[in-house]
Amino acid sequence: MNYIIRKINDNEYKFLNDFLFEAIYIPEGVQQPPRTIINTPELQVYVSDFGKEKDDICFVAEIEGIVGGAVWARVMNDYGHIADGVPSLAISLYKQYRGCKIGSELMKRMIVELKELGYEKTSLAVQKANYAVKMYMSVGFEIVDENEEEYIMVCQLK
């Protein structure tokens, strides 16, 4: 599969709502929530007015001319928030592009960018049962906290 990882174009920010919905982990046997779930304040923090803040960074995977995945970072008070000034990440791919190492490449590109911008660390939250936990660990994230359902993971950038 041919793809490139590149910065998002201004006219592509609209896709972040789709990727936010795709990022919701649905365990096997559980019904998918309605798409309107992304309109809740706790999820809109990931995408609302994205691109307008200096800490908003996004890379996409363009796969044969189609934006098939995205990783984005922003300093926000989200599920993965660990400290002020630390960007949190979100990542997602359309189902047909999962399991092809594209997510790992998106994460690696974001980690390089955050290092170059001088951030000391980045964080994310992930459902414990999500297969992506292994991928996050493979690119340098470590579990630093947990609750009943989620791990809070951090990647040291310095």
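Just one of (1) within 13 Å of the chain's Cα centre (by Cα); (2) crowded, with 18+ Cβ neighbours inside 10 Å trips up LYS108, so point out which.
For LYS108, the exception is condition (2).
Restricting to segment 6-22, name every residue that is buried (at least 17 other Cβ atoms within 10 Å of the Cβ) and either of a type in the set (A, V, I, L, M, F, W, C) or free of Cβ contacts under 8 Å to residues at least 12 places away in the same chain (or both).
ILE8, PHE15, LEU16, PHE19, LEU20, PHE21
What number goes with the only condition from (1) open to solvent by less than 20 Å² (accessible area, probe 1.4 Å); (2) over 22 Å from ASN77 (Cβ atoms); (3) not aliphatic (A, V, I, L, M) that CYS58 does not pass?
(2)
I need the full set of residues from segment 119-142 which are farther than 22 Å from ILE26 by Cβ and in a strand (DSSP E or B), in order please.
Matches in segment 119-142: LYS121, THR122, SER123, GLU142.
Out of VAL67, VAL75, report the one residue that is touching a Pro at 6+ places or on another chain (Cβ under 9 Å) and of a type in the set (A, V, I, L, M, F, W, C).
VAL75 is the lone residue from the list that is touching a Pro at 6+ places or on another chain (Cβ under 9 Å) and of a type in the set (A, V, I, L, M, F, W, C).
Being in contact (Cβ under 8 Å) with a residue 24 or more places away in the chain, open to solvent by 10 Å² or more (accessible area, probe 1.4 Å) and not β-branched (Val, Ile, Thr) is the filter here, so list the residues in segment 61-75 that pass it.
Within segment 61-75, GLU62, GLU64, ARG74 meet the criteria.
GLU116 - would you say it is closer than 27 Å to GLU28 by Cβ and either at pLDDT 95 or above or not acidic (Asp, Glu) (or both)?
Judged against the criteria, GLU116 is not a match.
Does ILE8 satisfy the criteria of being in contact with a Gly (Cβ under 9 Å, 6 or more places away or on another chain) and among the β-branched types (Val, Ile, Thr)?
yes
What's the total number of residues in segment 90-103 that are open to solvent by 20 Å² or more (accessible area, probe 1.4 Å) and under 16 Å from VAL154 (Cα atoms)?
Count: 1.
Sort out which residues of segment 30-60 are in contact (Cβ under 8 Å) with a residue 12 or more places away in the chain and small (Gly, Ala, Ser), and write them in order of number.
GLY51
I'd like the residue in segment 76-85 that is among the hydrophobic types (A, V, I, L, M, F, W, C) and over 14 Å from the mean Cα position of the chain (by Cα) and, out of all such residues, is surrounded by the most Cβ atoms within 10 Å (Cβ to Cβ).
Applying the filter and picking the extreme gives ILE82.
The values are calculated or read from the model by the stated rules, or taken from the named source; none is laboratory data. Treat the numbers as computed from the prediction; the structure is a model and nothing was measured. Because the Cβ atoms are built from the backbone with ideal geometry, glycine has one as well, and the counts that use them run over all protein chains shown. We work out accessible area using only protein heavy atoms, side chains counted, and drop any ligands, DNA or RNA first. Shrake-Rupley method; radii C 1.70, N 1.55, O 1.52, S 1.80 Å.
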